[in-house]
């Protein structure tokens, strides 16, 4: 669990092409920034319900994920508050947990962070494949800029990591 005010949660499976976007971007952010007070960068991958304590312990939640909404591959997408799907569905297996269900549980427990934003990119390819598609890879700098902007709006000041600043 974390005492961070803001959790940046990267989700998805790196084995499924563009679905691994959230995890890849959180890794990039770790390499790019020095430690930021009050901020927890979390590789949620395919953790399922194990991310719930991190979500419930945050004041603000920034979800980074591939977001399919029919806008075309490589499109930057922002969802906020009630625009982010939160639902429980019947499953064939307890291993079929999606982020929307984790958010629904937090909402039912009245522990969903007061501010929740999802930033992502419309995927081009979600299939067994290692790495991001060219369309998504090209859109990553815009996604990182949008993450920076959101964190600054929430009062965080991400600073470039020393190695990056000196390079």
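Please treat every number below as a calculation from the coordinates, not as lab data. Note that this is a predicted model, so its numbers are computed, not measured. Positions of Cβ are backbone-derived with ideal geometry, glycine not excepted, and every protein chain shown enters the neighbour counts.
222 nm [θ] for the chain, helices only, -39500 (n - 2.57) per DSSP H run of 4+, per residue, to 500?
Computed mean residue ellipticity for the chain: -9500 deg cm²/dmol.
As a footprinting exposure proxy, order 148, 19, 130, 43 by other Cβ within 10 Å, with the fewest listed first.
Fewest-to-most ranking of 148, 19, 130, 43: 130, 148, 43, 19.
On a full-extension model of 0.36 nm per residue, what is the gain between residue 114 and residue 37, subtracting their alpha-carbon distance, rounded to one decimal in nm?
Extra length from residue 114 to residue 37 when fully extended: 25.8 nm.
Any chance you could run the full-extension gain for residue 137 through residue 68? It's 0.36 nm times the residue separation minus the Cα-Cα distance, nm to one decimal.
Gain in length upon complete extension: 23.3 nm.
Which of 142, 20, 57 moves most in a GNM of the chain, Cα contacts under 10 Å?
142
Hey, could you grab the Kirkwood Rh for the stretch 111-165? Inverse mean 1/r over distinct alpha carbon pairs, Å, one decimal.
Kirkwood radius, the stretch 111-165: 13.8 Å.
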